[in-house]
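Each remark here refers to the structure printed beneath this line.
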Amino acid sequence: MSASQELLDSIRGLAADVLGVSASALTAASGPDNVEAWDSVAHLNLVMAAEEQFGVSLDPSEIEGVHSLGELAGVIAKHRQ
């Protein structure tokens, strides 16, 4: 498994906990438009949980620009380089 796939799997698990849904129901394309529980508060909770878990700090523009789990994984990967 690639490092990027491992990161996405970790984010899927984290998102499942934060959003209260099954990790198996989440994909890289999952976001506020197709996950009912993903509202603005859940978005901030997900970002804060990801920052804590991965030891990164996202800029406000990055937080606003995340529209899917795949995009969140990409932003976190950029910070971890």
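All of the numbers you see were taken from the coordinates with simple rules; none came from a lab. From a predicted model like this one, the values you see are computed outputs, not experimental measurements. Glycine gets a Cβ as well: all are built from the backbone with ideal geometry, and neighbour counts include every protein chain shown.
Here is how the numbers come out for the structure above:
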| item | result |
| --- | --- |
| Contacts under 8 angstrom Cβ, first residue in the stretch 66-81 being touching a residue at least 40 places away in the same chain (Cβ under 8 Å) and within 22 Å of Ser24 (Cβ to Cβ), partner of a type in the set (Ser, Thr, Tyr) and in a helix (DSSP H, G or I), 6 or more apart | Ala73/Ser4 |
| All positions within the stretch 58-70 that are among the polar types (S, T, N, Q) and exposed (fewer than 14 other Cβ atoms within 10 Å of the Cβ) | Ser61 |
| Residue count for the stretch 1-29, restricted to those that are in a loop (DSSP other than H, G, I, E, B) and within 20 Å of Lys78 (Cα to Cα) | 5 |
| Selection count where residues are surrounded by 12 or more Cβ atoms within 10 Å (Cβ to Cβ), of a type in the set (Asp, Glu) and closer than 15 Å to Glu71 by Cα, scope the stretch 1-57 | 2 |
| Some residue of the stretch 34-53 being under 23 Å from Ser2 (Cβ atoms), in contact (Cβ under 8 Å) with a residue 12 or more places away in the chain, among the aromatic types (Phe, Trp, Tyr) and in contact with a helix residue (DSSP H, G or I) (Cβ under 9 Å, 6 or more places away or on another chain) | no |
